[in-house]
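Each remark here refers to the structure printed beneath this line.
The values are calculated or read from the model by the stated rules, or taken from the named source; none is laboratory data. None of the values given here were measured: they were computed from a predicted structure. A quick note on method: Cβ atoms are made from the backbone with ideal geometry, for glycine too, and the neighbour counts reach across all protein chains shown.
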Amino acid sequence: MRYILKKVLSMVLTLFVVSLCVFLAFSLIPGDPVTRMFGTEATPELIAQYREKMGLNDPLLVRYFRWFTSFIQGDMGTSYDYKIPVAGMIAEKIPITLTLAIMSFVIMVLISIPLGIYIAKHENGIMDHIISILNQIIMSIPPFFSGILITFFFGVILRVFKPGGFVSYTKDFGAFIKYLILPAVAIALPKAAMATKLLRGSVIEEAGKDYTRTAYSRGNTTNAVLYLHVLKNAMIPVVTFMGMALADMVAGSIVIEQVFGIPGISRILLTSINNRDYPVVEAIIMGIAIMVLVINLLVDIIYRIIDPRIEVEE
Amino acid sequence: MMKKKIERKRGLSILLVVLTTLTLTLGGCSSKKADDSSTDANGQTADASSEVNGEAGSEDGTVSAEDLSQITIGIPQDIDSMDPHLAKSAGTREILFNVYEGLVKPDADGNLQPAIASDYTISDDGKTYTFTLRDGVKFHDGSTVTVEDVKYSIERNAGTDGSDPLISAFSNIESVETPDESTIVLTLKEANTEFLAYMIVSIIPASNEDPEGNPIGTGPYKFVSRSPQENVILTKFDDYWGDAAYIKDITLKVVANSDSIVMELEGGSLDMYARVTSAQVSQLSDKFDVYEGTMNLVQALYLNNAKEPFNNVQVRQALCYAIDPQTIMDFVSDGKGTEIGSSMFPSFGKYFDESLNDTYNQDIAKAKELLAEAGYPNGFDFTITVPSNYTQHVDTAQVLVEQFKEIGVNATIQEVEWNTWLDDVYTNRNFQSTVVGVDASTLTAYALLSRYGSDAHNNFINFSDADYDAALAAAVKATDDAEKTAKYKECEKILSEKAANVYIQDLPEFVVLNKNYTGYTFYPLYAQDFAKIKPAQ
C-alpha cells in the first residue's frame, strides 16, 4: 500500500515537472499562436482582440494553473490551430502511433530473444561471430537512415511497398498494418541488435555462475539448465532494457513517422510545436510521460515475477 | 546491488523523458520545414510535399490508377481553418476556393465574374454597390442562399458587432441593406471603385453555428471530412449552380516531407502536386505533365527603410545596381521566372509597368559610386533574414550575397523559422533586410501597394514618402479607371526610383499532374480550381 502511494505520488510529481517544463520552454521560444494564426494579415487590433479571447494576456503562471486544473479534470482544452477539442484530435491519432510502437516492440522481441539465446548457446561459433558483426553495424545505423534505405529498396526498386501510401485504420485495417510493417522494422532493428547483444552477454555471464554448475552437477541437461535456471536470471537486465526501449520507440516513431509519411501523434506534435499550439503539445507530452511512467511501473512488476527476491519497495 | 542498478536506470529513463520533452519543444524553434509556411507574405506555399493518403489508390483494393472519378492531390501543409473567414494562409485559401464562393469570383484571366450575385451595379461616385442575388443558389446542406446570408457573411467580416473587422478594408463599410429578397445594397463610407474585388468574400449560411466543424458553402465541391495532418476529403456538389465539376472525389493529402513528393508521385500515391521545384521537375518520369505558370508574388530583397544604412536612398539604389535578376533566376529555377521592377507583377495586366524593370540595370561602377557618395566608400556589412522553409528565397539570398560582394558589401544570411520571421521581421520590424515574396489577397493594385503608405499597419519595410502617400490617396479616390491606373503606376514608379526594395522577380510555379488528368488552370491569385480538372480521355 505504502509502495503504491509512493509510486503514484512520484508519478504525479514527475508529470507536474514535465508539464511545467513544457510551459516554460514555450515561453522562452519566439513565436506566438495569434501572430501565427493571422500571418501577414494581422493587425495590432486583431492580435490584441484574439490574445484577450484566448486568455494569452494572463501571466504565465496563471495560464499554467488554468491549464493544469482543467487537465487533471480531464479537459485537455481546444487546439488553437484546429479549433477542435484536443482530446478528440489525439484520440484519433493514438492508435496509429501505438500500433507502430507495439509492432516495433513485438518485432524486437521476436528477433532478439531467440537470436540472443542461440548465439549465447553457440558462443564463439561461426554464427556468433557473424551475428555479432551484423549487430554492431545495425546498432550504428539510426532508424531514420535505415527508414530511407528501406523506402528506397522496397518502395522504389522492389516496388512491394508504396511510399506514402499510408491507409488509415478506419478505412482498411489490414492495409494499415501492412503499411506499418516496414517502419516498425526500421525502428526495431537497432533495438533488436542491442537486446540480442545484451541477452547473449547476460546468458554467458549467468552460465558461468556457481548455481549453474550446481544445476549441471545435479544431472540437468544443457537445455534444462538454460531455460529453467539461467534464462530467468539473464532476462532481468534485458527486461529493463526492453522497457526503456518501448518508451524509446514512441520517441523513435517521431522521426520514423516523418520518414514514412505516417500521420500519427508525432506529426501532430511537430506541427503543433511549430504552430505554437500549446494545448496540443502539452497533451501529447503528458501522454508520452504517462506512458513512460506506466511502462516503468510494469517493468518493476515484471521483475518481481521473474525474481521474487527483488524488493520493489525501497 | 542489482536493486540499486535498477533504481538508477529508472531514474535515468525519467530524466530521459524530461530531456526529450525539452529538446523537442526547444528544438521546435528550428526544426521542420514545410509545415509552418505559407501565408500571404510568401506567395509561394513553400516547398511542401504531399503524400497521398493511401486511400486514393488502395482504399478498397480495387480502385486502380484507372479510376479517374477521384484524384489525390498533395498539399504542403494542413489547412489552417475550414471557416473561410478565419482561414488566413494562402495555401488554405486556394483550396477553399472550391468550397466557398462570394458574390463575385475571379476567373482565370483575373476578371471578376458574377457568382452568388447574378448582376451588380456600382454607383458613379464609387460609394454604393447594388447586387442582385442569383436565383436558387443552393448551399451544400440543400438550403437556398438568401440575402440574409449575404448580409451576415459581409457583416461578420466587417466586425459590425463591435469586434475588429477580420478584413481591415471592411472597416470602410457603412451599411449592408437588403431592401427586398433579391437585392443587397452595400454602402461605403469613402468612395472606392475597387471594392468589388473584396466581394469575393465567402458567403456562408447565417444559421450555421459551427462553420469550422460543419463547413457549408456554395462551391462546386463540398466538405466531407478531415483528419488533422492527414487529409481533407471533398466531394462534388451535385446541385452546384454553375458548370459542374468533372472529378467526383478529391483527397487532399498533407505531405509533411517535401523530399518524398517525387517518390509519392511516381509510386502512385499522388496524382497532382502544385509548386514543385525545378529540381523535382527534372526527376519526374513522362507519366506526368508539368504546367508552368507564375506564383503571382513580388519577390524582392525587402529593406528596412528606417534602419541604417538603408535609410539612405543612395545605398538602396546601389544595391539595386549591384544585382542581376536573370543570374538569380538561372541559379534558383533554371532561368525561369519573370523580372519585375516594382511592387507589381504581370498578371495584374494594365497595372504592370514593364519599363520599371530597367530603372536599374546591373552596373557595378555606378553602384560603387553611389556607395561612395552615401559615405560608404568601403562598403558595409548587413544581415539578410530569410524564412528557412522557403527554399527559393534562401537560394535567392545566396546569389544576392555573391552579387553584393562585387560592390564591397558583405551580406550575411540568417535563416529563421516562419514564426520567428512573422514576429521579428513582419510584426516588430526588427530586421535589416529579408528575402520573401509578397502576394495580393485580392485582385486590386491596392492590395499590393497600400502597404507602402507611410502609416499603413502592414508597412513592414517602414517606407515613407510624401509623394507616394499623395499618389496612393489619389488612386483610391479616383473613380475614373484611367486616372486610377495612372496614379497606381505613379506609386510603382516612386517605389522603383526610391529603391524601396531590391526588386527581383515573380517566381515560376510548376504544377505536376498525372497524364491521366488534364485541365489544370492557373489563376492570377491564390486559387486551385479543382472543378476544371478532368480525366484526359
Odd one out for B:Gly267 among (1) in contact (Cβ under 8 Å) with a residue 12 or more places away in the chain; (2) farther than 30 Å from B:Pro377 by Cα; (3) touching a Lys or Arg at 6+ places or on another chain (Cβ under 8 Å): (1)
So A:Asn220 clears everything in (1) touching a residue at least 40 places away in the same chain (Cβ under 8 Å); (2) within 30 Å of A:Glu123 (Cβ to Cβ) except one condition, right? Which one? (1)
Could you give every pair whose Cβ atoms fall below 6 Å, whose first residue belongs to region B:436-454 and is within 14 Å of chain A (Cβ to nearest Cβ), and whose second residue is buried (at least 21 other Cβ atoms within 10 Å of the Cβ) and of a type in the set (D, E, K, R), counting only separations of at least 6 or pairs across chains? B:Asp439/B:Asp40; B:Ser441/B:Asp40
When you scan region A:111-129, do you find a residue that is modelled with pLDDT of 85 or more, assigned to a helix (DSSP H, G or I) and in contact with an Asp or Glu (Cβ under 6 Å, 6 or more places away or on another chain), even just one? yes
Can you report the number of residues in region A:30-49 which are in a helix (DSSP H, G or I) and either among the hydrophobic types (A, V, I, L, M, F, W, C) or within 36 Å of the chain's Cα centre (by Cα) (or both)? 10
Out of all the residues in region A:297-307, is one or more hydroxyl-bearing (Ser, Thr, Tyr), within 12 Å of chain B (Cβ to nearest Cβ) and in contact (Cβ under 8 Å) with a residue 60 or more places away in the chain? yes
Within region B:253-303, can you find the residues that are over 20 Å from B:Ile533 (Cβ atoms), small (Gly, Ala, Ser) and out of contact with any helix residue (DSSP H, G or I) (no Cβ under 7 Å at 6 or more places or on another chain)? B:Ser260, B:Ala279, B:Ser282, B:Ala300
Return a yes/no flag: does region A:75-88 have any residue that is within 8 Å of chain B (Cβ to nearest Cβ), without any contact (Cβ under 8 Å) to a residue 24 or more places away in the chain, in a helix (DSSP H, G or I) and surrounded by fewer than 20 Cβ atoms within 10 Å (Cβ to Cβ). no
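Of these, A:Ile254, A:Ile288, which one is facing chain B (nearest Cβ under 10 Å) and either surrounded by 21 or more Cβ atoms within 10 Å (Cβ to Cβ) or farther than 30 Å from A:Pro114 by Cβ (or both)? If you could, list the steps in order and put the result at the bottom.
Details: A:Ile254 fails: either surrounded by 21 or more Cβ atoms within 10 Å (Cβ to Cβ) or farther than 30 Å from A:Pro114 by Cβ (or both).
From the options A:Ile254, A:Ile288, the qualifying one is A:Ile288.
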Working only within region A:135-167, note down all residues that are part of a helix (DSSP H, G or I) and surrounded by fewer than 13 Cβ atoms within 10 Å (Cβ to Cβ). A:Gln136, A:Ile137, A:Leu149, A:Ile157
Answer with yes or no whether B:Ile504 is β-branched (Val, Ile, Thr), farther than 16 Å from B:Arg275 by Cβ and in contact (Cβ under 8 Å) with a residue 60 or more places away in the chain. yes
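Just one of B:Ala445, B:Ala411, B:Ala471 is touching an Asp or Glu at 6+ places or on another chain (Cβ under 6 Å), of a type outside the set (Val, Ile, Thr) and closer than 30 Å to B:Asp363 by Cβ; which is it? Walk me through it before giving the result.
Details: B:Ala445 fails: touching an Asp or Glu at 6+ places or on another chain (Cβ under 6 Å); B:Ala411 fails: touching an Asp or Glu at 6+ places or on another chain (Cβ under 6 Å).
None of the other options fit; the residue is B:Ala471.
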Index of the failed condition, A:Asp172 passing every other in (1) more than 30 Å from A:Leu56 (Cβ to Cβ); (2) more than 8 Å from every other protein chain (Cβ to nearest Cβ); (3) in contact with a Ser or Thr (Cβ under 8 Å, 6 or more places away or on another chain): (2)
Of (1) more than 13 Å from chain B (Cβ to nearest Cβ); (2) surrounded by 12 or more Cβ atoms within 10 Å (Cβ to Cβ); (3) under 21 Å from A:Leu293 (Cβ atoms); (4) basic (Lys, Arg), A:Arg2 satisfies every one except (2)
Condition test on B:Tyr468, is it surrounded by fewer than 23 Cβ atoms within 10 Å (Cβ to Cβ) and assigned to a loop (DSSP other than H, G, I, E, B)? no
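Looking only at residues in region B:165-188 that are more than 21 Å from B:Ala440 (Cβ to Cβ) and touching a residue at least 60 places away in the same chain (Cβ under 8 Å), which one is farthest from the other protein chains (Cβ to nearest Cβ)? Break it down stepwise before answering.
The first filter runs over region B:165-188 and keeps only residues more than 21 Å from B:Ala440 (Cβ to Cβ), leaving B:174-187.
Next, only the ones that are touching a residue at least 60 places away in the same chain (Cβ under 8 Å) stay: B:184, B:187.
Working: B:Ile184: 25, B:Thr187: 23 Å.
Among those residues, the one meeting the criterion is B:Ile184.
Please determine, by comparing only the residues of region B:417-426 that are within 9 Å of chain A (Cβ to nearest Cβ) and either touching a residue at least 24 places away in the same chain (Cβ under 8 Å) or among the hydrophobic types (A, V, I, L, M, F, W, C) (or both), which one is nearest to B:Val313 (Cα to Cα).
Taking region B:417-426 first, the residues within 9 Å of chain A (Cβ to nearest Cβ) are B:417-420, B:422-424, B:426.
From what's left, either touching a residue at least 24 places away in the same chain (Cβ under 8 Å) or among the hydrophobic types (A, V, I, L, M, F, W, C) (or both): B:417-420, B:422, B:424, B:426.
On the way: B:Glu417: 30, B:Trp418: 29, B:Asn419: 30, B:Thr420: 28, B:Leu422: 26, B:Asp424: 24, B:Tyr426: 21 Å.
Taking the candidates together, the pick is B:Tyr426.
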Give all pairs with beta carbons closer than 8 Å in which a residue from region A:25-52 that is facing chain B (nearest Cβ under 7 Å) and on the phi > 0 side of the Ramachandran plot meets a residue that is part of a helix (DSSP H, G or I) and at pLDDT 75 or above; count only pairs at least 6 apart in sequence or on separate chains. A:Gly31/B:Asn419; A:Gly31/B:Thr420; A:Gly31/B:Leu422; A:Gly31/B:Asp423; A:Gly39/B:Leu422
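Does region B:309-328 contain at least one residue that is within 18 Å of the chain's Cα centre (by Cα) and of a type in the set (Lys, Arg)?
If we filter region B:309-328 for residues that are within 18 Å of the chain's Cα centre (by Cα), which is where we start, we get none.
No, region B:309-328 contains no residue that is within 18 Å of the chain's Cα centre (by Cα) and of a type in the set (Lys, Arg).
If you scan region B:111-151, which residues turn out to be outside any loop (DSSP other than H, G, I, E, B), basic (Lys, Arg) and crowded, with 17+ Cβ neighbours inside 10 Å?
Step one: list which residues in region B:111-151 are outside any loop (DSSP other than H, G, I, E, B), which gives B:112-114, B:117-122, B:128-133, B:138, B:144, B:147-151.
Of the ones still in play, those that are also basic (Lys, Arg) are B:138, B:151.
B:Lys151 - this is the single residue of region B:111-151 that is outside any loop (DSSP other than H, G, I, E, B), basic (Lys, Arg) and crowded, with 17+ Cβ neighbours inside 10 Å.
May I ask you to say which residue of B:Ala478, B:Ala473 is closer than 30 Å to B:Glu308 by Cβ and either within 14 Å of chain A (Cβ to nearest Cβ) or not polar (S, T, N, Q) (or both)? Full working, then the answer.
Numbers: B:Ala478 fails: closer than 30 Å to B:Glu308 by Cβ.
Within the list B:Ala478, B:Ala473, the selection yields B:Ala473.
Can you confirm whether A:Ile273 is modelled with pLDDT of 85 or more, within 7 Å of chain B (Cβ to nearest Cβ) and over 16 Å from the mean Cα position of the chain (by Cα)?
Working: modelled with pLDDT of 85 or more: yes; within 7 Å of chain B (Cβ to nearest Cβ): yes; over 16 Å from the mean Cα position of the chain (by Cα): yes.
So A:Ile273 passes the test.
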